[in-house]
Amino acid sequence: MKNEEINKLNKKAGIASIITAIFLFTTKLFIAIAAGSASILGSALDSGLDFISSLINLFAILTAQKPADLKHRFGYGKAEALAGFIQSIIIFLSGLYLVYYSILKIKYENPVNNIEEGLFVMILSLIMTILLVYYQTKTLKKTQSIVLSADRLHYLTDVLTNLLVIISLMVQKWFTIYWIDSAAGLFLAFYVMKSSSDIFKSSFFILMDRDISQKYRKILIELIETYKPKIVGYHDLRSRTSGGVDFLEFHLEMPKDISLEESHHLVENFMITLKKRFPMLEMIIHADPAEIAKDGTVERLLDKEKPRFY
């Protein structure tokens, strides 16, 4: 399948997620206010989180297609992390409000009104979420999109939270246990706050260029073993990620007596091999000459700067 077709399918799936989330958020919010239900309000906030997440994911899909330019030579991936960072704070504050609202309901023992309407909205939400997950699953089989895979995983958890709200409403309707709605609301509040903290941390790490070298260290060592004795080691490995693209920099240690042309071909082949395993990878590799001991290990690096990282 061509990249254009893959991008088009991912875009359609992203738009479908946004439309579903915004419809469910507005509908649940209206019913939650009318019924005075903490659990439905919690589900509405979760749908708001879905909308924001889907919006960020669609933004990531669209920006991933944009090439680097003179003003943004590493691309536009950080915009996704910046948006996620800001939105995570807003979502966390929404979760705190839901905690406050649920505690007030327990204190004053306010029952949920219009339970039938609430059940109807939540059952409709459950059906729509299941259909969306089914559509995303079909698209994923064709595109293998990492962004879409994360979005699908999020909506799969929503199927369970929708079931939780339906159960809490049914328990209150049949057994008149009023506190069950507030308990469900508190559970969903902490779930929303946990989700927002995950988004906050992942966004913060990307913005701060947290190193991800551990992801590649094992494969680098394996590759170097296959290239010996022409490549004998590496150092100054550092890496970061941005918008689904990983950036990798390191020095390859080579015998000092090989030619510039040969070292160039070695580096190029090394990059091609890595790129086959990790298509979303950008690399800068520096070739370092070294004096090699009789046992094939590095005796002395001829680089004036000492290695900082391994």
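The values are calculated or read from the model by the stated rules, or taken from the named source; none is laboratory data. The shown structure was predicted, so the numbers you read here are calculated from the model rather than taken from an experiment. Because the Cβ atoms are built from the backbone with ideal geometry, glycine has one as well, and the counts that use them run over all protein chains shown.
Please go through the range 287-310 and pick out each residue that is in a strand (DSSP E or B) and loosely packed, with under 13 Cβ neighbours inside 10 Å.
Initially, the range 287-310 is screened for residues in a strand (DSSP E or B), giving 287-292, 298-301.
Passing the criteria: E291, E299, R300.
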The one condition in (1) farther than 21 Å from G95 by Cβ; (2) buried (at least 18 other Cβ atoms within 10 Å of the Cβ) that I199 fails to fulfil: (1)
Residue that is farthest from the chain's Cα centre (by Cα) [pool: residues in the range 221-240 that are in contact (Cβ under 8 Å) with a residue 40 or more places away in the chain and within 11 Å of D211 (Cα to Cα)]: L237
Given (1) surrounded by fewer than 17 Cβ atoms within 10 Å (Cβ to Cβ); (2) part of a helix (DSSP H, G or I), index of the condition T129 fails: (1)
Which residue is modelled with the lowest pLDDT, if the candidates are limited to the range 20-78 and must be more than 24 Å from S168 (Cα to Cα) and basic (K, R)? K66
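If you go through the range 21-36 one residue at a time, how many are under 15 Å from S53 (Cα atoms) and either in contact with an Asp or Glu (Cβ under 8 Å, 6 or more places away or on another chain) or not in a helix (DSSP H, G or I) (or both)?
Kept after step one, since they are under 15 Å from S53 (Cα atoms), are these residues of the range 21-36: 21-25.
With either in contact with an Asp or Glu (Cβ under 8 Å, 6 or more places away or on another chain) or not in a helix (DSSP H, G or I) (or both) added as a condition, the list becomes 21, 24-25.
Within the range 21-36, residues that are under 15 Å from S53 (Cα atoms) and either in contact with an Asp or Glu (Cβ under 8 Å, 6 or more places away or on another chain) or not in a helix (DSSP H, G or I) (or both) number 3.
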Could you give me the residue pairs with C-beta distances under 7 Å whose first residue belongs to the range 119-139 and is touching a residue at least 40 places away in the same chain (Cβ under 8 Å) and under 12 Å from A13 (Cβ atoms), whose second residue is β-branched (V, I, T) and part of a helix (DSSP H, G or I) wherever it lies, and which are 6+ apart or on separate chains? L132/T20
Residue list for the range 242-262, restricted to those being in contact with a strand residue (DSSP E or B) (Cβ under 7 Å, 6 or more places away or on another chain) and under 16 Å from K275 (Cα atoms): V245, D246, F247, L248, E249, F250
